[in-house]
1. Can you send over the carbon and sulfur percentage of the accessible area for region B:3-97, probe radius 1.4 Å, protein chains only?
2. Read phi for every residue in region B:873-881 and hand back ³J(HN,Hα) as whole Hz from Karplus 6.51 cos²θ - 1.76 cosθ + 1.60, θ = phi - 60°, with x for Gly and Pro.
3. When only C-alpha pairs under 8 Å and at least 6 residues apart count, what is the relative contact order of chain B, in percent?
4. Could you tell me the center-to-center distance, by alpha carbons, between region B:129-147 and region B:808-872 in angstrom?
5. Report, in whole Å, the centroid distance computed from the Cα atoms of region B:324-399 and region B:1-51.
6. Choose one of A:Ala149, A:Ala104, A:Ile22: the residue whose Cα lies farthest towards the positive end of the charge dipole of chain A (beta-carbon charges +1 Lys, Arg; -1 Asp, Glu; about the Cα centre).
7. Any idea which of B:Tyr139, B:Asn408, B:Ala835 is furthest toward the positive side of the dipole for chain B, if Lys and Arg beta-carbons carry +1 and Asp and Glu beta-carbons -1?
8. Just how much of B:Phe206 is accessible, in Å², when a 1.4 Å probe is used and the result is rounded to the nearest 10?
Amino acid sequence: MFSHIRTIWLTFLHLFKKKVTIEYPEEKVKLHPRWRGRIVLTKDPDGGERCVGCYLCAAACPVDCIALQATEDENGRRYPEFFRINFSRCIFCGFCEEACPTYAIQLIPDFEMGEYKRQNLVFEKEDLLINSQGKYPGYNFYQVAGIQAGVKGKGEGDNEEPPVDVHSLLP
Amino acid sequence: MPTIYIDNKPYEVKEGKNLLEACLTLGFDLPYFCWHPALNSVGACRQCAVKVYKDEADTKGRLVMSCMEGVKDGMRLSINDQTAKAFREQIIEWLMTNHPHDCPVCDEGGSCHLQDMTVMTGHDYRRYTFRKRTYKNQYLGPLLHHEMNRCIQCYRCVRYYRDYAGGDDLNVFAAHNHVYFGRDKDGVLQSPFSGNLAEVCPTGVFTDKTLKEHYTRKWDLTMAPSVCNHCSVGCNIIAGERYGELRCILNRYNGDVNGYFICDRGRYGYEFVNSENRIKQPIIRNRTGEAASEEELMRSMGTILTHQKLLGIGSPRASVESNFALMQLVGHDNFYQGVSEAEAYLTRKIAGWMQTGSIRSASLKEIEQSDVVVVLGEDIWNTAPMMALAVRQSVVKTAAAQAAQKTNLPLWHDAAIKEYVQDQKGFLANITVAGSPLDEIAAHQQCLAPDDIARLGWAIAHELDASLPGVSNDESLLQQAQAIANALKTAKNPVIISGITCYNESILTAAVTLATACHAKVGFALPECNSMGLALMQAPSLEKAVDRMQREGDSFTVVVLENDLYRNISATLVDDFFSHCRNAVVIDSLHNATTEKAQVLIPSATFAEGDGTLVNYEGRAQRYFQVFVPAEGIIKESWKWLWHLYLLKMQAGNGHDHYPNELLEKLESVLPQFKGITKSSPPRHFTIHGERIPREPHRYSGRTAMLADRNVSEPKPVQDNDSPFSFTMEGFKGLPPAPLIPFFWAPGWNSVQAVTKYQEEPGGSLKGGDPGISLFKEPTQTTPLVFHEIPEAFAVRHQKWLLLPQYHVLGSGELSSYTKALQELSPQPSIALSAEDLQGLGVEEGSSVQLKINGTSCMLPVKIQKGLPKGIALVAAGLQGSPVMSWGEWGKIDGMTNGGE
Ligand code: SF4
Ligand code: SF4
Ligand code: SF4
Ligand code: SF4
Ligand code: FES
């Protein structure tokens, strides 16, 4: 009996405490930059698609909700022909972002993805690709990779010697 | 068996092996690069270091390269020693100083030996801050992509390409720390075995260019064990699918057949499966709306089947199951082979001889291990490529074995043995009509007309066994025969190789006689992947079917199984055949000239979409398994269709499915020559600990997204009732039995090098024995096959030429020719004559000549074939657009420049 009265009393006292809930959606939630929400595909500093279609995010995803197909443009630059995330399966764990070697896939502070139809939670590349570098500005994978894909020539990347002259026997 | 101590534990190992092989056999993980079980050791990469101790008291030990040190009884070594580990890690770190930051865009990634070894040694952080070396790449043709920056200078590529496969246009250039592996200039790699570089190279320097077109990581492929269906060798392959498309073919190790390698026709000839030209729906012609549903098809077939007599045309490229199901449907007497009379006759003969058990066929492994090889008449380089590669190994290995014996060097010590061997070779006599690349390594090489080849065969046999009839007093022939006979006399494991492309029975009987005289094994190359299986059914030829049709025609409905008849006999005959039949039902996977004639066209599965069994040239029955379910669910294996039709005809129950094993059991009881074929793979109910074997690796990705664009709720995975496999990633994760290995993978070993974990020992047989069941029994009663007729010497005929087919390894395969990359490498139709004949005709090389035979004629550009005997014309055969004729007959050639008509 006593405990019941105590509970009611304590609850009553809460009326005079500061509110922790907010008037969502009128009032927006404040999220931190590293909050793991909606997933985007970013672009590199010169505006090219960052994703190189390496399939690492797809392999890292514990619920297997990423599917893509890599393809190549005429310069040999890899990009995804299609890139699909089934957000009705995604658990927003962020593994894909951690696995991505090019900073292409990023989780952003946005959770407003509610849909009436589950089918609408299937996002294609058009829905994912944003025109920004996201959280990691300045990184361009093709600058540091060895291959020539229209971004730089052989031996012109960061920390590269000019190509070997096969005819030279000089030390 | 010597005992060695690894980290103080005793192990029994095999004598004559090196420490690396011994450690890998025992299941230890020891990193290596330059060593390859098929290429042996050179000690170039320094990656396989271990500590070896003098004796028990020695605590210091010394570092040695395990691949360069033989096992000795009582030897003590340590893999886990700190110095050895540090050394191995250091080696990787050095290799990595120049390695590009490419893994995400590298096609090797995920099945990369360098990745695996880096992880294995524990090197994980780059300390070197200086600049990386770079290289320019080369264009190497449509099959291989070159990315030289990734090279770690292990020399495997050139050792494989030059030493193993005998190519000479890939080499190592430049010097010291910037050696370059490539061609002297951009250009197509010439060897038809070049595709293996993609698997031999432990990094991503050489990768499969056709896979690049639709790139998929190894972990994302749905894979199943399969069998190459582009020639009669029957190499074991792994076929991989993603998103409903066949993506790549990989080698599947089989110690008895292809070992570590396959040819480029086998590796790249897969794209017909994805071809635009596929038949995707049943078609009923001559009505409005030709595309039909399954019910419509069955309804219309029902009326045909119950009211009309049936005649079935089988196929050497269809599985045993499909051919048998057709035989069941049409009845034994109405089943025909679907190949020309000449081909059917010769293949039936070969199958018959093999069945007697008086001669034994040689597997590729036995060819590799033979010490004397005699090739009679067959250009195996182009008709059975991997057999040619095996012959090359026999020549190389025999010389190596002799060197090892003389010098006491271990056989695995590749560099030392090569140094000693220099130009020494084992004995190969390569007797062909027009020469072949094997001539380079032949001790005895000659181009002769078919009859003369047979005579030479007989002459050799006579030298070996004087009771056999001799060939007349042809001096030069006898001299050659003596030379070859002398080699055969001392041979321990001789092999005689021949085939049917000379369309000459005497060559075959000469080969058999010769094999009997010197107790040799034989290898008869056949035209197609299941030629032997079809021949064993002992059915009459296509021409016989045409005859029958002309006689009783009209009332018959013909059922053609996976066979473009226009590729087998002349177009006039086929047209005639179809004009006589009442209805034509064709089951096939690709549209072709024959499917045009079909009133009813039924879509059949390719090797990747269905199960089946093929019998290779040596009588080895091998099962291939369905890789994926085609998007068009109506595409089914031919045997499934035919079985439905059979039930329809019998009006026996409906919906009762049949499975490959039941069909094969029935086959065994109807045709006892196939006894044992059911054992070629475990039955469909086979499970391990109640689990099926998954076709997908444990890290298969995208399951919940790949079909989400169509429907966000994932469909239930398709159930496979025909085999012990599942279409998912769930199931048994350990080592499956040898016939059921869908991919090679072991913890820490993601690349193809994981195969070691599946073998008894590196380069040995798979655990539990190599897959495949020989249908030919061990010889029980040895009544030798006796022949007597020796043909007359070949005589040139006035104004006439003996027509023989000339095949090309890349281009002549019917199905493989649908691959864009191979089309690019395929030669154009042409006719080849000797230089003298060309002069006699008064035409220039390159101009067109008219070839006339049996009332038909065609125009072909002419070229000179070096070495070709006079009076013979070689017509490029099997290419898209090349004419079909009666091989082995005589035709006329008109040079257009001197008159024509
Ligand atoms: S956040 Fe996690 S669950 Fe979602 S796509 Fe990325 S890896 Fe998959
Ligand atoms: S990990 Fe990054 S680069 Fe690779 S496929 Fe995913 S998004 Fe693209
Ligand atoms: S190209 Fe490949 S196989 Fe050849 S040396 Fe380099 S890493 Fe080795
Ligand atoms: S075509 Fe013949 S030799 Fe080549 S991989 Fe296929 S079966 Fe083997
Ligand atoms: S594998 Fe032993 S040195 Fe290369």
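1. Carbon and sulfur atoms account for 48 percent of the accessible area of region B:3-97.
2. In residue order, the calculated couplings are 10, 9, 10, 4, 10, x, 6, 5, x Hz.
3. Across chain B, relative contact order equals 14 percent.
4. For region B:129-147 versus region B:808-872, the Cα centre distance is 37 Å.
5. Using only Cα atoms, the two centres lie 38 Å from each other.
6. Comparing the listed Cα positions along the dipole, A:Ile22 ranks first.
7. Looking along the dipole axis, the top candidate is B:Asn408.
8. For B:Phe206, the solvent-accessible surface is approximately 0 Å².
The values are calculated or read from the model by the stated rules, or taken from the named source; none is laboratory data. Since this is a predicted model, take the numbers as computed values, not measurements. Cβ atoms come from the backbone with ideal geometry, glycine included; neighbour counts cover every protein chain shown. Please note that ligands, DNA and RNA were not included when accessible areas were found on the heavy atoms of the full protein model with its side chains. Shrake-Rupley method; radii C 1.70, N 1.55, O 1.52, S 1.80 Å.
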